[in-house]
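Undergrad: Below is the structure I would like to discuss, written out as structure tokens.
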Amino acid sequence: MRCRARRPARLGAAAARPDGLVWLLYGDGSAAFSIAEFDTMVRHRIPVIAVVGNDGAWTQIARGQRDMLGDAVGTELRRTDYERVAEGYGGVGLRIEHPDEIDTVLATAKEEAAVGRPVLVNALIGTTSFRDGSISL
């Protein structure tokens, strides 16, 4: 597959290392911006495993916004079923709701990727105070 510079880096990494396993870790806010690339990955049989940490918010932005403006308006999201969106593009969609499902779901993701299918794991996560006080650019 020929990769163009405007394609996300995961496609380039998968094309450059066709025998490797490419993982993509991102939040639900960024997933919404690039999930349409599952169509490309399905058509070209690019077996990326994408794991979405879904906390239902643009948390990185909300932290600073709440501190500076006193309001998190516009940063709250739905807990979208991103696994279903990936399935709509022809990929494999999996979901993690409880920590005891992690090993089983990731094993399934690896099995599906091994036969050339892109996989999206929608991991429902909670919110924490991790990174409070940090600066987001």
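Undergrad: When both residues are 6+ apart or on different chains and their Cβ atoms are under 7 Å apart, which pairs have a first residue that lies in the range 2-30 and is modelled with pLDDT under 65, and a second that is assigned to a loop (DSSP other than H, G, I, E, B) and buried (at least 16 other Cβ atoms within 10 Å of the Cβ)?
TA: Going by the 7 Å Cβ cut-off, the qualifying pairs are Arg10/Val22; Arg10/Val48.
Undergrad: Could I ask something else about it? Is it true that some residue in the range 115-127 is surrounded by 21 or more Cβ atoms within 10 Å (Cβ to Cβ), within 19 Å of Arg17 (Cβ to Cβ), aliphatic (A, V, I, L, M) and at pLDDT 90 or above?
TA: Taking every residue of the range 115-127 in turn, at least one turns out to be surrounded by 21 or more Cβ atoms within 10 Å (Cβ to Cβ), within 19 Å of Arg17 (Cβ to Cβ), aliphatic (A, V, I, L, M) and at pLDDT 90 or above.
Undergrad: When the residues of the range 53-94 are narrowed to those that are in a helix (DSSP H, G or I), among the small types (Gly, Ala, Ser) and modelled with pLDDT under 65, which ends up nearest to Asp39 (Cα to Cα)? If you could, list the steps in order and put the result at the bottom.
TA: Going residue by residue through the range 53-94, those that are in a helix (DSSP H, G or I) are 59-69, 82-88.
Subsequent filtering for residues that are among the small types (Gly, Ala, Ser) retains 62, 64, 86, 88.
Add one more test, that the residue is modelled with pLDDT under 65, and what stays is 62, 64.
Numbers: Ala62: 30, Gly64: 34 Å.
For the range 53-94, the residue satisfying everything is Ala62.
Undergrad: Keeping to the range 31-43, report how many residues are of a type outside the set (A, V, I, L, M, F, W, C) and either in contact with a helix residue (DSSP H, G or I) (Cβ under 8 Å, 6 or more places away or on another chain) or within 11 Å of Val92 (Cβ to Cβ) (or both). Steps first, answer last, please.
TA: Filtering the range 31-43 for residues of a type outside the set (A, V, I, L, M, F, W, C) gives 34, 37, 39-40, 43.
Within this subset, residues satisfying the condition of being either in contact with a helix residue (DSSP H, G or I) (Cβ under 8 Å, 6 or more places away or on another chain) or within 11 Å of Val92 (Cβ to Cβ) (or both) are 37, 40.
Result for the range 31-43: 2.
Undergrad: Of everything in the range 96-115, what is among the small types (Gly, Ala, Ser) and within 16 Å of Gly53 (Cα to Cα)? Give them in sequence order.
TA: Step one: filter the range 96-115 for residues among the small types (Gly, Ala, Ser), giving 107, 109, 113-114.
If the condition is that a residue be among the small types (Gly, Ala, Ser) and within 16 Å of Gly53 (Cα to Cα), then Ala109 is the only one that fits.
The values are calculated or read from the model by the stated rules, or taken from the named source; none is laboratory data. Since this is a predicted model, take the numbers as computed values, not measurements. A quick note on method: Cβ atoms are made from the backbone with ideal geometry, for glycine too, and the neighbour counts reach across all protein chains shown.
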